[in-house]
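Working notes, structure below.
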Amino acid sequence: KDTSGIILFAKNERSQEYLKGLFQNHKIKKTYLALVVGNIKNNSGVINLAIGRSKKTPLKRVAIGAQRGKIREAVTNYKVLKRCGPLRQLADGFTLVEASPQTGRTHQIRSHFSAIGHPVVCDKLYGGKNFPPAGGCPAGLTRQFLHASAIEFTLPSGSRLRLEADLPEDLKKTLDMLS
């Protein structure tokens, strides 16, 4: 509920089945923008960590450590777009990343970046000791900085469709304040 951007709905059952097949076969390219805590060293990378339900918090998905139930493969590609900060309250600053999940696990991006020590800014569930950062969320942000910026797939006709969503004002304001 705190992620902004594109959400895809089917208008009818035939479209739903078609889209479901694309998702199941990893034929839909999803792109997210996320501001994460700290400075990610590599300019790009792949996070390949299986995800399962947390033993302590069933709503939470964990990429490493104790899990319960089904553990499923999860892969996220990322590239650094911008490094911000540091601010007084966070010596390591922030990193704006473009994340492209290759699999579609619940909370995958949030879980993966938290597992590598760079949780999404202001993420109440996965931020751990980094939520909120000392002094609160940057620019008075009241939700996690995660935005579904684009989705791309092939239509039944064979043509490609790419849909994009601009950053909402609260996320733009946060980036402007950090620049």
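The values are calculated or read from the model by the stated rules, or taken from the named source; none is laboratory data. Because the structure is predicted, anything quoted here is derived from the model rather than measured. As a convention, Cβ positions derive from the backbone with ideal geometry for all residues, glycine included, and neighbour counts pool all protein chains shown. These area figures cover heavy atoms from the full protein model, side chains too; ligands, DNA and RNA do not enter into them. Shrake-Rupley method; radii C 1.70, N 1.55, O 1.52, S 1.80 Å.
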Q: Examine region 145-158 for a residue that is in a loop (DSSP other than H, G, I, E, B), under 19 Å from GLY85 (Cα atoms) and at pLDDT below 85, and state whether such a residue exists.
A: no
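For region 23-38, give me each residue that is open to solvent by 20 Å² or more (accessible area, probe 1.4 Å) and either of a type in the set (D, E, K, R) or more than 17 Å from HIS112 (Cβ to Cβ) (or both).
Restricting attention to region 23-38, the residues satisfying the condition of being open to solvent by 20 Å² or more (accessible area, probe 1.4 Å) are 23-27, 29-30, 32-33.
Answer for region 23-38, where residues must be open to solvent by 20 Å² or more (accessible area, probe 1.4 Å) and either of a type in the set (D, E, K, R) or more than 17 Å from HIS112 (Cβ to Cβ) (or both): PHE23, GLN24, ASN25, LYS27, LYS29, LYS30.
Results for (1) part of a loop (DSSP other than H, G, I, E, B); (2) modelled with pLDDT under 75; (3) over 29 Å from PRO138 (Cα atoms), shown as yes or no for each residue.
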site	(1), (2), (3)
ILE47	no, no, no
PRO58	yes, yes, no
GLY65	yes, yes, yes
GLY69	no, yes, yes
ASN77	no, no, no
LYS82	no, no, no
GLU98	no, no, no
THR103	yes, no, yes
